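Chemist: A single structure is presented below for examination.
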């Protein structure tokens, strides 16, 4: 597990120094272990950096986040629909709807 320390300033300019952990996961069993590590280390929240494999585990990620009451920020709406707290990713269906008028042919 990699660890990094970062300084963040809140609205009142108090310094908050969260500890950031990186836990690589490439299997479903590894996902359970990653959540166990987060709970053991008393993580306050999780940021899930999505991959194709993790996308296929999104339902389990949602279940574990809800079970352990860990707020999760994830890369796409589908993770949120599976139990994540918030998504920071692009809403591709909306993006395509917005692009459609600019690609229509004009006479």
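The values are calculated or read from the model by the stated rules, or taken from the named source; none is laboratory data. No experiment lies behind these values; they were computed from the predicted model shown. Backbone-built Cβ (ideal geometry, glycine too); neighbour counts: all protein chains shown.
Chemist: I'd like the full set of residues that are within 16 Å of residue 68 (Cα to Cα) and in contact with a strand residue (DSSP E or B) (Cβ under 9 Å, 6 or more places away or on another chain), limited to segment 18-51.
Modeler: 34, 35, 37, 38, 41, 43, 45, 46, 47, 48
Chemist: Against the conditions (1) over 20 Å from residue 26 (Cβ atoms); (2) at pLDDT 85 or above; (3) touching a strand residue (DSSP E or B) at 6+ places or on another chain (Cβ under 9 Å), where does residue 69 fall short? Just the number, please.
Modeler: It is condition (3) that residue 69 fails.
Chemist: Counting only residues that are loosely packed, with under 13 Cβ neighbours inside 10 Å and closer than 21 Å to residue 88 by Cα, which one in segment 19-44 is modelled with the highest pLDDT?
Modeler: 44
Chemist: Could you please find all residues in segment 80-101 being in contact with a strand residue (DSSP E or B) (Cβ under 7 Å, 6 or more places away or on another chain) and at pLDDT 85 or above?
Modeler: Applying the first criterion (in contact with a strand residue (DSSP E or B) (Cβ under 7 Å, 6 or more places away or on another chain)) to segment 80-101 yields 80, 84-88.
Result: 80, single match.
Chemist: Please return the ranges of helices (runs of 4 or more DSSP H) entirely within segment 51-104 where 1 or more residues are surrounded by 18 or more Cβ atoms within 10 Å (Cβ to Cβ).
Modeler: On the way: elements: 52-56, 58-68, 77-81, 92-103.
Passing ranges, in order: 52-56, 58-68, 77-81.
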